[in-house]
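Only one structure is covered here, and it is reproduced in the block below.
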Amino acid sequence: MRVVFMGPPGAGKGTQAVELARRQGVPHLSLGDMLRQAAAEGSELGLRAREFMERGALVPDQVVVGLVEERLGRPDCQAGFVLDGFPRTLAQAEALERILARQGRGLDAVLNLEVDDESLVERLVGRRVCRRCGQNYHLRHRPPRRDEVCDVCGGELYQREDDREETVRRRLEVHRANSAPILGLYRAAGLLRAVDGRGGVEEVAAAVSRAVGEGAGP
Ligand code: AMP
């Protein structure tokens, strides 16, 4: 199964993409995670990406397309993948089509998780992430048992630089401007499926499942 998850930052793409990938037994490819990892490793690409990420701006297309192309070429993507956070520009969408066409493949579906802006700001600004294992928390909806300490590994929790309110609002604007033409492209190709992202994690997971036809018998 080859699926792309679309939707604004904070819509729950990461959580839902991880779950779908697990159910399908294919890799989950998060561009945000891949870029943060490159930045943490201090590679030239990573340091370049970090300048943009800290401002809430998109990393240049050629940087992310190169990363994705390399990743999709690895053997574990043969059986499929769940892409999360890519494409975010029309140029990236077109590059993805070319990369897959060269491999003789195409996408099966593009899921668009829909959530209103004020809920997104509240979700993102309250988010905390474990520095050590990457586990996500929310100050109100999913607090850790001990303040600022990860329940899973005891690591320190922090607020991502790009989860500060001003940056979040900027990211939502950037997202809206960039996603409209991509959604248009996928709608025209008959791949786009809208998924209501407002409910709890399980409710949304069930909607995702229906959208990709999981569990629908022969
Ligand atoms: P995320 O974790 O998906 O919210 O991404 C965090 C940041 O990584 C974004 O604000 C961008 O700066 C950068 N980023 C992630 N995915 C992409 C992409 N497909 N194209 C450009 N920049 C990206």
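The values are calculated or read from the model by the stated rules, or taken from the named source; none is laboratory data. Remember, predicted model here, so these are calculated numbers, not experimental data. As a convention, Cβ positions derive from the backbone with ideal geometry for all residues, glycine included, and neighbour counts pool all protein chains shown. The accessibility values were calculated without ligands, DNA or RNA, using every heavy atom of the protein model including side chains. Shrake-Rupley method; radii C 1.70, N 1.55, O 1.52, S 1.80 Å.
All distinct Cα pairs of the range 1-62 go into the 1/r average, and the inverse of that average, the Kirkwood radius, is 12.9 Å. At 1.4 Å probe size, with the rest of the protein present, what percent of the exposed accessible area of the chain is carbon and sulfur atoms? That share works out to 48 percent.
Of the DSSP H helices in the chain, none is both long (alpha-carbon extent of 30 Å or more along the helix axis) and hydrophobic (Kyte-Doolittle mean at least 0.0). Local charge for residue 24 was computed over the other residues whose Cβ lies under 14 Å away, with Lys and Arg +1 and Asp and Glu -1, and equals -2. For the range 121-189, a Kirkwood hydrodynamic radius built from all Cα pairs, placed in the Stokes-Einstein relation at 4 °C and 1.567 mPa s, yields a translational diffusion coefficient of 95 µm²/s.
Dividing the summed -39500 (n - 2.57) terms of all DSSP H runs of n ≥ 4 by the residue count of the chain sets its mean residue ellipticity at 222 nm at -15000 deg cm²/dmol.
Note on the range 54-182: Kirkwood radius taken over Cα pairs, Stokes-Einstein applied at 37 °C and 0.692 mPa s, translational D equal to 194 µm² s⁻¹. Relative to its Kirkwood radius, the Cα radius of gyration of the range 68-123 gives an Rg/Rh of 1.07. The Cα trace of the chain gives Rg and Dmax of 17.0, 50 Å, the first to one decimal, the second as a whole number.
The mean sequence distance of close C-alpha pairs (under 8 Å, at least 6 residues apart), as a share of the length of the range 2-211, puts its relative contact order at 29 percent.
Taking all protein chains into account, the per residue accessible area for the range 2-211 stands at 52 Å² (1.4 Å probe). With viscosity 1.002 mPa s and temperature 20 °C, the Kirkwood radius over alpha carbon pairs of the range 29-96 converts through Stokes-Einstein to a diffusion coefficient of 174 µm²/s. Comparing Cα centroids, the range 8-72 and the range 122-168 end up 18 angstrom apart.
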